[in-house]
Amino acid sequence: MKNIYGQTKEDLENYFESIGEKKFKATQVYEWLYQKRVSSFAMMSNIKKELQKKLANEFTFSSITLEKKEVDDLTEKYLFRLKDNEKIEAVLMRHDYGISACVSSQVGCNMGCAFCESGRLKKIRNLEPEEIVLQILGIEQIIKQRIKRVVIMGIGEPLDNYDNIIKFIKIINDAKGISLGARHITLSTCGIIPKIQELMHFNIQINLAISLHAPTNQLRNRLMPVNKMYNIDMLIPVLKEYIKVTNRRVTIEYVMLNMVNDTEDCALKLAKLLKGMNIYVNLIPYNETKHLEFTKSSKERITKFYDILKKNHINVTIRKEFGKKISAACGQLRSKEV
Ligand code: SAH
């Protein structure tokens, strides 16, 4: 059986039409699911009993189960168990401008970035759209508050699970659904070029963040194996095209690894590489993990790097650190479980 939380409104409209019902029933179901948050068709009182039964035979409400929650100041980490007992994590961050959630897109990850914990566990499977939607619904149910922003930056490479991620975005973006504005949704990728090209023509204007982390192929090959397939010389022109087609600014993520990619030379090369592009660079303080040998750049080195970019007219910010104590910082999810 299909899961109701994995259906876009269009999927439901098609379903209703296929059984000879009116399309607008899809909107009614969406309102029950995402505005009134009921968890059975029997509670959808404006839908006839007979149709409720039909729906119940077609779709399940099966959920994901909360296994554990850890709290560290403004960050909360949620460990969920899926129907096949795999575990995934989502993180909630309380910013001054509202609550944001960082969701996972896969169980494990195949990208193998040298500095990242998530990749120590190879991809077991893609998450289904409903398993990503339910990370948000699950957290909202617990905190009894609405999430204002979603970043797809948890475990996994979202563009390696493209179709399910697109469905997920359509579901949470739908005005009759969770109704999260596209500008409040950010997808972060290590740079799967063909999928960035596809995303360019997706008509929901989400934010795109690219994990670049190095200004040269030589260094990026060492840090991110994906670069051997889709290197910087191929990536930059595609990003330029993306910016042109979507008319949106792209975020460049750059994790600050001590004495690896945080040198003056790297800063200058990065500035040259990105010159004139409608981007901003987000410098990410590295979260050290006990399994990997990389260390974090000092505040001084980060500031110096920042200053060089600024001086070279590159928009740049330094990311605030979140959730270090509970290993809920970027790239650290699941680290205690595996
Ligand atoms: N696969 C996607 C999204 C998940 S990773 C991507 O590569 O963008 C989210 C971000 O966290 C990426 O920029 C990743 O490089 C970064 N990251 C991974 N491990 C980290 C660590 N230990 N400290 C800081 N950032 C890390």
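Where a number appears in this text, it was derived from the coordinates with a stated rule and is not lab data. Values in this document were obtained by computation on a predicted structure and should not be read as measured data. Here the Cβ is made from the backbone with ideal geometry for all residues, glycine too, and neighbour counts use every protein chain on show.
Here the residues 81, 149, ranked from fewest to most Cβ neighbours within 10 Å of their Cβ, fall in the order 81, 149. Among the listed pairs 25/48; 69/122; 68/170; 148/299; 68/144, a Cα-Cα separation exceeding 21 Å is found for 69/122; 68/170; 148/299.
Antiparallel beta bridges, as assigned by DSSP with both residues in the chain, represent about 45 percent of the total such bridges.
Gyration tensor over the Cα atoms of region 60-133: the corresponding equivalent ellipsoid has semi-axes (square roots of 5 times the eigenvalues, largest first) of 21, 18, 11 Å.
Principal-axis analysis of the Cα atoms of the chain puts helix 232-246 at an angle of about 50° to the longest axis.
Peptide packing: for 48-55, 279-286, the average count of neighbouring Cβ atoms within 10 Å per residue gives the ranking 279-286, 48-55, highest mean first. Counting only lysines at least 8 places from residue 244 when in the same chain, those with an alpha carbon closer than 16 Å to its own are 275. Taking the square roots of 5 times each eigenvalue of the Cα gyration tensor of region 1-74, largest first, gives ellipsoid semi-axes of 28, 13, 12 Å. Here, the chain has an Rg and a Dmax of 20.9, 69 Å when only alpha carbons are counted.
Count Lys and Arg as plus one, Asp and Glu as minus one, and take only other residues whose Cβ is under 15 Å from that of residue 194; the net charge is then -4. When +1 charges are put on Lys and Arg Cβ atoms and -1 charges on Asp and Glu Cβ atoms, the dipole computed for region 196-338 relative to its Cα centre reaches about 260 debye. This model, with +1 at the C-beta of Lys and Arg and -1 at the C-beta of Asp and Glu, gives region 56-200 a dipole about its Cα centre of some 160 debye. Put a plus charge on the Cβ of each Lys and Arg, a minus charge on the Cβ of each Asp and Glu, and nothing anywhere else: the dipole of the chain about its Cα centre is then about 480 debye.
Using alpha carbon centroids, what distance separates region 1-66 and region 173-213, in Å? Rounded to whole Å, the Cα centres lie 26 Å apart. Taking the Cα atoms only, what angle lies between the long axis of helix 162-173 and the longest principal axis of the chain, rounded to 10 degrees? Taking the Cα atoms of the chain, the angle to 162-173 is about 70 degrees. With respect to the chain, whose longest principal axis is taken over its alpha-carbon atoms, helix 264-274 is tilted by about 50°.
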